[in-house]
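See below for the structure under consideration.
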Amino acid sequence: MIGAHNPAQAARARALIVLRWIAALVVLYLLIHFLPFAPLRAALSRVPGTRFLLALIAYLVAHTLGVAKWRMVVNTAGGELDFATSTQCYAGGLFGTLFLPSIIGGDVVRLAVGLRRSPRPASVLAGNIVDRSLDVAAQGALALTGLILLPGSLPPVAQAAARHLVTAFVVVLAILAVAVFLLRGVVFRKRSIRFRRKLAHFRYGLRSVVRRPHVLLVGWCMGIVVQGTFLFFNALLAVSCGLILPLRAWLFAWPLAKVAALVPVTQGGIGVREAALVALLAPFGAPGALVLAAGLVWEGVIISGGLFGGLVAFLLRRTREREESATG
């Protein structure tokens, strides 16, 4: 039964990733079909290879800071991971987000090694959740900054729509938090002692981080630097495409487009992110074809970075296996 179940599960996982890539291609096709193609092609041809390479290097350097942030938070929770293991976890997550099914997505890949290597696996899980929360808070800070700077940049109707969009996002997060709080008793009722012990370790890891507000503050600031770096270089690539917008427009639209990409429709949010960015930047007078061109170039940076992350994770794993076989 097990042998039959695993191949079936693997087949479903492969089918899922194929469907999500098809969905991404369909969304991109629709965008290209309904937007003028000649300006799109001209904008893509204007991007210098050196600027793309610079954006890719900045993307990888920012993720190096992301590794340090993730390790700091996880170790504060009690994970006890060295930098090489943290890099393997984080880099594997970059690859998994783009090239593995959602059921084996980036977070699961990121945790897989950490849970095996850490003496306190529950602490790694708790730290990862806190780290993700800091990323969301960093994106929210960027979007809020853009929203504060918006008055005078948009018509009153567009300003009201922007405020309603941010308000709706906050309300949804609040509803989810309340639902989790109310359902916690139902979920954990009649669980085994072993499960409750693991849950206690998990709660201890969360409290270890929460009791160190300076770690949360530093992690949040590092998250803003990482996300701000991505935003800046996406805007820089857009300038190469011929799209020049005030930075406050990017501060408002870019984080919200990234949140929209979390909807599990396409692989890694490809296509959804570009469609959201086209819609969010339209009130600023941004031509859709140029926004799409900038989004496609940035998507190339993300995919290249994901492939590089997969290579780094693979090499680190092979290095550790050789060290273990030599000492064993």
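Please treat every number below as a calculation from the coordinates, not as lab data. Being a predicted model, the structure only gives us computed values, none of them experimental. Using ideal geometry, Cβ is built from the backbone for each residue, glycine included, and neighbour counts are taken over all protein chains shown.
Over the residues of region 222-305, compute the C-alpha Rg and express it relative to 2.2 N^0.38 Å.
In units of the globular-protein estimate, region 222-305 measures up at 0.99.
Beta carbons within 10 angstrom, averaged per residue: use that to sort the peptides 107-120, 302-315, highest first.
Packing order, densest peptide first, comes out as 107-120, 302-315.
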